[in-house]
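Before any comments, here is the structure.
The values are calculated or read from the model by the stated rules, or taken from the named source; none is laboratory data. The structure displayed is predicted, hence computed values, not measured ones. Note that we place each Cβ from the backbone using ideal geometry, even for glycine, and neighbour counts take in every protein chain shown. When the accessible area is computed, the model is the full protein with side chains, heavy atoms only, and any ligands, DNA or RNA have been set aside. Shrake-Rupley method; radii C 1.70, N 1.55, O 1.52, S 1.80 Å.
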Amino acid sequence: MRVISLCPSNTELIEYLGLTNLLVGVDDFSDWPAAVSDLPKLGPDLSINMDLVEKLQPDMVLASLSVPGMEKNVAALKERGIPHIVLNPQSLNDIEQDLILTAEILGMPERGTTAAKEFRNRLEGIKSLAAKVTNRPTLYWEWWPKPIFTPGKINWLTEISEAAGAKNVFGDVELASVQTDWEDVLNRKPDFICLAWVGVRREKVQKNVVKKRPGFERLNYLTDDRILILEEELYCRPSPRLLEGLEKLYKLIHT
């Protein structure tokens with residue numbers, strides 16, 4: 001089959017299934033695995049060039065609704081009659097189910113069953129370690145610094161926090177993404193600050209951006225090693241790579 005992926009999380013899911021060889025085109029932001037770097041690029045995930053998609057004659061396009069604005073890609077695929085499925089995982093269980101669904105659509109259901117089992121076993125392995133933790137620190141996740149956006153209860157990072165033996169300080173807000181302010185963060189007194197800015201590479205993020213904010217001295221108990229600069233690709237994309245991020249987070253907050 002000839003398969004196209006329109007966002008990084010879908011590309012990474014295909015790799016987890018061991019089916020990257022089926023890809024004939026990807027969006028501009030798909031950067032893992034390295035094998036996709038030589039594939040035709042179809043534009044940013046919010047502005048996919050549908051003429052190029054059509055030219056590649058795909059048997060299946062993996063579309064997404066993981067970012068607001070992607071709806072127009074789905075509408076264009078429908079309008080042109082291009083075969084596609086739409087993935088929109090909001091939880092680790094959704095990702096597990098997408099592995100099964102995608103493999104079935106691509107005619108290799110056994111790949112999905114095996115990958116989903118591996119995914120579940122790996123997740124449960126970390127959960128079993130975290131269950132033994134007596135001290136469960138609170139985490140403030142920052143997706144974007146200005147204005148401040150942070151994940152709420154209906155988000156995989158709340159689930160990741162709990163699986164790592166911790167708690168998202170905004171886990172009480174019934175939203176997937178919360179726009180808030182620095183005063184609100186200060187009042188919640190997190191034990192760790194986790195910086196994973198969407199679309200920004202880890203080396204571009206500076207701890208001083210947070211330390212220079214008004215009132216940071218109220219968090220003077222936060223030592224430098226409790227301000228974590230994390231890879232956005234391991235925490236901000238709803239793909240199986242979240243498990244790699246989870247394993248890393250567990251080590252960072254419990255050692």
Residue under evaluation Arg111, criteria (1) open to solvent by less than 70 Å² (accessible area, probe 1.4 Å); (2) in contact with a helix residue (DSSP H, G or I) (Cβ under 6 Å, 6 or more places away or on another chain), criterion not met: (1)
Single condition Glu104 does not satisfy, out of (1) open to solvent by less than 70 Å² (accessible area, probe 1.4 Å); (2) on the phi < 0 side of the Ramachandran plot: (1)
Verdict on Gly152 being among the small types (Gly, Ala, Ser), touching a residue at least 24 places away in the same chain (Cβ under 8 Å) and on the phi > 0 side of the Ramachandran plot: no
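In region 85-138, what residues are among the small types (Gly, Ala, Ser) and closer than 19 Å to Lys251 by Cα?
Step one: list which residues in region 85-138 are among the small types (Gly, Ala, Ser), which gives 91, 103, 107, 112, 115-116, 125, 128, 130-131.
Matches in region 85-138: Gly125, Ser128, Ala130, Ala131.
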Pair list, Cβ < 6 Å and 6+ apart or interchain, from region 1-21 residues that are within 13 Å of Ala103 (Cα to Cα) to residues that are open to solvent by 10 Å² or more (accessible area, probe 1.4 Å) and charged (D, E, K, R): Met1/Asp59; Leu17/Arg111
Residue count for region 10-28, restricted to those that are over 20 Å from Glu54 (Cα atoms) and among the small types (Gly, Ala, Ser): 1
Subset tally (residues that are of a type outside the set (A, V, I, L, M, F, W, C) and either open to solvent by less than 60 Å² (accessible area, probe 1.4 Å) or in contact (Cβ under 8 Å) with a residue 40 or more places away in the chain (or both)) for region 209-227: 2
Test: residue in region 190-208 that is farther than 14 Å from Pro145 by Cα and open to solvent by less than 30 Å² (accessible area, probe 1.4 Å): yes
So Leu77, is it surrounded by 15 or more Cβ atoms within 10 Å (Cβ to Cβ) and in contact (Cβ under 8 Å) with a residue 40 or more places away in the chain: no
Qualifying residue in region 92-111 (condition: of a type in the set (Val, Ile, Thr) and in contact with a Phe, Trp or Tyr (Cβ under 9 Å, 6 or more places away or on another chain)): yes
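Out of Glu96, Glu110, Glu159, I need the residue that is more than 24 Å from Glu71 (Cα to Cα), at pLDDT 95 or above and under 15 Å from the mean Cα position of the chain (by Cα). Which one?
On the way: Glu96 fails: more than 24 Å from Glu71 (Cα to Cα); Glu110 fails: under 15 Å from the mean Cα position of the chain (by Cα).
Just one listed residue meets the conditions, Glu159.
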Subset of region 196-255 [modelled with pLDDT under 95, in a helix (DSSP H, G or I) and among the hydrophobic types (A, V, I, L, M, F, W, C)]: Val209
Pairs with Cβ under 8 Å, 6+ apart, first in region 164-180 and open to solvent by 30 Å² or more (accessible area, probe 1.4 Å), second of a type in the set (A, V, I, L, M, F, W, C): Lys167/Leu139; Glu174/Ile154; Leu175/Ile154; Ala176/Ile154; Ser177/Trp143; Ser177/Phe149; Gln179/Ile148; Gln179/Phe149
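Of all residues in region 234-255, how many are open to solvent by less than 30 Å² (accessible area, probe 1.4 Å) and either more than 8 Å from the chain's Cα centre (by Cα) or not hydroxyl-bearing (Ser, Thr, Tyr) (or both)?
So the first thing to find is which residues in region 234-255 are open to solvent by less than 30 Å² (accessible area, probe 1.4 Å), and the list is 234-240, 242-243, 245-246, 249, 253.
Subsequent filtering for residues that are either more than 8 Å from the chain's Cα centre (by Cα) or not hydroxyl-bearing (Ser, Thr, Tyr) (or both) retains 234, 236-238, 240, 242-243, 245-246, 249, 253.
Total meeting the criteria: 11.
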Residue that is nearest to the chain's Cα centre (by Cα), among those in region 129-156 that are open to solvent by 60 Å² or more (accessible area, probe 1.4 Å) and either closer than 20 Å to Leu87 by Cβ or of a type in the set (S, T, N, Q) (or both): Ile154
